[in-house]
Amino acid sequence: MYKYILKRLLMMIPVLLGVTFIVFFIMALSPGDPAAMILGDQASAEALEMKREELGLNDPILIRYGNYIIDMLHGDLGVSYKNSLDVWEQVWERFPNTTILAIAGILVALVIGIPTGIISAKKQYTLIDNVAMIVSLIGVAMPNFWFGLLVVIIFSLHLGWLPSQGMGEGLVPLLQSLVLPALTLGTGSAAMITRMTRSSMLEVIRQDYISTARAKGLSERIITYRHMMRNAMIPIITAVGLQFGTLLGGAMLTETVFSWPGLGRLMVDSIKSKDIPLVLGSVIFLAIMFSVVNLIVDIIYAFVDPRIKSEYKKG
Amino acid sequence: MKELLKVKDLVIHYQTDDGLVEALNGVSLSIGEGETLGLVGETGAGKTTLAKGIMRLIPNPPGKIKEGEIFYDGKDLLALGDIEMQDIRGGHISMIFQDPMTSLNPVMTVGDQIMEVIQKHNNISKQEAYQKAGEMLELVGIVKERANDYPHQFSGGMKQRVIIAIALACNPKLLIADEPTTALDVTIQAQVLEMINRLKKKLNTSMLLITHDLGVVAQNCDHVAIIYAGEIVEYGDLQQVFKNTQHPYTEGLFGSIPSLAANVKRLQPVEGLMPDPTDLPEGCKFHTRCKYVQDICKKNVPPLIDIGEGHLVRCVRCQKQ
């Protein structure tokens, strides 16, 4: 098991190298001069040239990439072009905000998605099932930012119940400001989790061991929770893990709509201002988060399914 | 011998997109205490539907018990509520399913799966249940230390033993074994059957043994029912059915078994296929494949008639005699 985890951690290295490589080149090759962006339009040609030299922009691109990686391995992600603040500190500062939103969003998704999926599967082809499936199809198809704007119009503008922008200070204002973005994020994921839960449950419901459980005289409740749910869990955990990984990297659209000070907005802002170190820093952070969540998901598998555990033990 | 199970005129239909599947059309049978009844028929004849019908495990929809009565120990099973039926299942009537590879829950230890049924039907502590589960494993020839293992750590034959342990854990009076050995190797088949028989005798359990293997019937059963297209076509004790075969379908079944004693070059299969259960032929359901077919067979459904000492046959040729 530990061997497996170690192996997975080592596998993250090439993933991160690939991610940095691609993002570095996209940013470096895209038009626009960072020096001009830092010094403004009025800067003289000499000043720009000096700035470029200072930032190392005149070196060949592979050398720049190499330097970046070496710095990164020393824990130095550089400083922002825009405000000269440490990139790592900026990313780290935003991370809790994004985490709060991601956890709230995934909770909303789980609370809606899993029960709906189970009921849908158990009442397949009934009215409840059809309604749930249509609603979740709409949920999957609906763009998040649009739904976000919609709830803002209803709950903030018309009803005036909840704030539409920013993140509140203190517990109650924080929770209040959290409701709408979490709902927005959660519904999209909920729709996906509903469909995943339903199809996974339907597969399990037809299994022979469910007949065996029935033949034992167990109650329908025990059959559903003890026998069906645990077996249906694996694909659901996968879906939830992927969703959560994405959310942890910052939900760009939702954070932008609600002016949530998270990683997603940091990334959008830094891309807009061509702040290469900051973009790279946040993307690397996102990639790490995504890989770590996936690893955790894989470890959870082992606890849900003993067959996977024996696979891991084999190494 | 006291009658334990009595099924009377059971009709089970499935409503599917392709039409009404007439899976079971008026089946009657009875099993005495300690007795074994073999139910023989080809795939799709309604064997499993009958077994699941007795357990009231027919999924509804699409399945529905249309008519008939099932009495277990004098109790009308079809009149019981869901909760009462749960007490019957596993406690009084147990079922062994066909495929041991898929009949155990892959994410629970076998010990837990045995314990579960024990705890459901006996008011005992977890510890005692665990103890009992271990004893059941020993009874089917598996060391009790393996109770903490998962199904994927067992071979097919051992899984079937675990399933037998689950089925017998609460001393049921009736065991329904739905092709318990079909998915196993021949050598393991013999072992498993021998074990079922030994335990059945020890616990004085009655059994409904569903199979398509007449050899298995000859070795294990007291009575035989031959089922075709949802109807019993011949019924009697082993002697009657095996030595005094009357129905052309039963005859056909015997004709398709290779024999070491007789010098036969080719086996004689029953010509044709089972009729489509959504579109059963009128009259005798077997007339499309029968080599003795007469005009009357195509019009009237022959009744099941007693040709002596409880040997029942559904064929017009017996009517005339």
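The values are calculated or read from the model by the stated rules, or taken from the named source; none is laboratory data. Since this is a predicted model, take the numbers as computed values, not measurements. All Cβ positions, glycine included, derive from the backbone under ideal geometry; neighbour counts span all protein chains shown. Side chains included, ligands, DNA and RNA excluded: accessible areas come from the protein's heavy atoms. Shrake-Rupley method; radii C 1.70, N 1.55, O 1.52, S 1.80 Å.
If ligands, DNA and RNA are left out, what is the accessible area of B:Phe71 with a 1.4 Å probe, given in Å² to the nearest 10? Counting only protein heavy atoms, B:Phe71 exposes about 60 Å² to solvent. Among the residues of segment A:274-315, those with an accessible-area drop of 30 Å² or more from chain alone to full protein complex, heavy atoms and 1.4 Å probe, are A:Pro306, A:Arg307.
Cross-link pairs exceeding 32 Å in C-alpha to C-alpha distance, out of B:Lys2/B:Lys291; B:Lys75/B:Lys243; B:Lys200/B:Lys285; B:Lys126/B:Lys173, comprise B:Lys2/B:Lys291; B:Lys75/B:Lys243; B:Lys200/B:Lys285. At a Förster radius of 41 Å, what calculated FRET efficiency corresponds to the Cβ-Cβ distance of A:Ile61 and A:Lys314, to the nearest 0.05? Calculated transfer efficiency: 0.40. For the chain pair B and A, the buried solvent-accessible surface (1.4 Å probe, both sides summed) amounts to about 1900 Å².
Label separation (B:Thr43 vs B:Leu20): 2.7 nm, computed from points 7 Å beyond Cα along the C-beta direction. Contact residues in segment A:185-225 by the 50 Å² criterion (accessible area, 1.4 Å probe, full protein complex versus chain alone): A:Asp208, A:Tyr209, A:Thr212, A:Ala215, A:Lys216, A:Gly217. Relative to the dominant Cα principal axis of chain B, helix B:156-168 is inclined by about 80°. In this structure the amide hydrogen of B:Gly34, modeled in the peptide plane, comes within under 5 Å of the amide hydrogens of B:Ser206, none closer than 5 places in sequence on its chain. Taken along its three principal axes, the alpha carbon spread of chain B comes to 67, 50, 42 Å, from the longest extent down to the shortest.
The value of relative contact order for segment A:92-314, using C-alpha pairs under 8 Å at least six residues apart, is 27 percent. Translational diffusion of segment B:1-128, estimated by Stokes-Einstein from the Kirkwood radius over alpha carbon pairs at 25 °C in a medium of 0.890 mPa s, is 149 µm² per second.
Taking 0.36 nm per residue of separation and subtracting the Cα-Cα distance, full extension of the segment from A:Ile26 to A:Lys272 would add 87.2 nm. A 1.4 Å probe run over the protein chains yields, for segment A:92-314, 44 Å² of accessible area per residue, whole-number rounding.
Our estimate of slack between B:Ile296 and B:Arg198, defined as 0.36 nm per intervening residue step minus the Cα-Cα distance, is 30.6 nm. Solvent exposure of chain B amounts to 46 Å² per residue of accessible area, where only protein heavy atoms count and the probe is 1.4 Å.
Take the Cα pairs of segment B:145-239, get the Kirkwood Rh, then feed it into Stokes-Einstein at 25 °C and 0.890 mPa s and tell me D in µm²/s. Roughly 168 µm²/s, to the nearest whole number. A probe of 1.4 angstrom, applied to the heavy atoms of all protein chains, finds B:Glu194 with accessible area near 110 square angstrom. Per-residue mean of foreign Cβ neighbours for B:105-113 is 5 (Cβ atoms of other chains, 10 Å radius).
Within the accessible surface of the protein assembly as shown, defined with a 1.4 Å probe on protein heavy atoms only, the carbon and sulfur portion equals 60 percent. Calculated FRET efficiency, A:Leu39 to A:Leu73, Cβ-Cβ distance, R0 = 30 Å: about 0.50 to the nearest 0.05.
For B:Ala225, neighbours were defined as the other residues whose beta-carbon sits under 10 Å from its Cβ, and their charges (Lys and Arg +1, Asp and Glu -1) total 0. Among B:Glu231, B:Glu67, A:Glu220, the sequence by solvent-accessible area, most first, with a 1.4 Å probe is B:Glu67, A:Glu220, B:Glu231. Taken one residue at a time, the phi angles of segment B:92-98 give Karplus couplings (6.51, -1.76, 1.60, θ = phi - 60°) of 9, 10, 10, 9, 10, 8, 5 Hz. Gly and Pro are set to x.
Which residues in segment B:247-266 place their backbone N less than 20 Å from a point set 7 Å from the Cα of B:Ala190 along the Cα-to-Cβ direction? The answer is B:257-262.
In the complete set of protein chains, residue-level accessible area for A:Tyr225 is approximately 140 Å², probe 1.4 angstrom. Rounded to the nearest 20 debye, the dipole size of chain A about its Cα centre is 2100 debye, using +1 on the Cβ of Lys and Arg and -1 on the Cβ of Asp and Glu. Once the partner protein chains are put back, segment B:80-104 shows a loss of at least 30 square angstrom of accessible area, versus the chain by itself, at B:Gln86, B:Arg89, B:Phe97, B:Thr102, B:Ser103 (probe 1.4 Å, ligands and nucleic acids excluded).
In this structure, B:Ser259 and B:Leu78 have a Cβ-Cβ separation that, at R0 = 25 Å, corresponds to a calculated FRET efficiency of about 0.05. Computed from the alpha carbon atoms alone, the convex hull of segment A:35-188 holds 212 Å³ per residue.
By the compact-protein rule of thumb, 2.2 N^0.38 Å, the alpha-carbon radius of gyration of segment A:244-298 corresponds to a ratio of 1.15. A simple spin-label model places pseudo-atoms 7 Å from Cα toward Cβ; at B:Gln153 and B:Glu67 they are separated by 5.3 nm.
Using every pair of separate Cα atoms, the Kirkwood estimate puts the hydrodynamic radius of the protein assembly as shown at 29.9 angstrom.
Remark: spin-label model distance A:Lys3-B:Asp9 equals 6.8 nm, labels positioned 7 Å along the Cα→Cβ axis.
Within the listed set A:Val240, A:Val87, A:Val304, the residue fluctuating most in the Gaussian network model of chain A (springs between alpha-carbon atoms under 10 angstrom) is A:Val304. In chain A, one over the average inverse separation of all distinct C-alpha pairs is 22.4 Å, which is the Kirkwood hydrodynamic radius.
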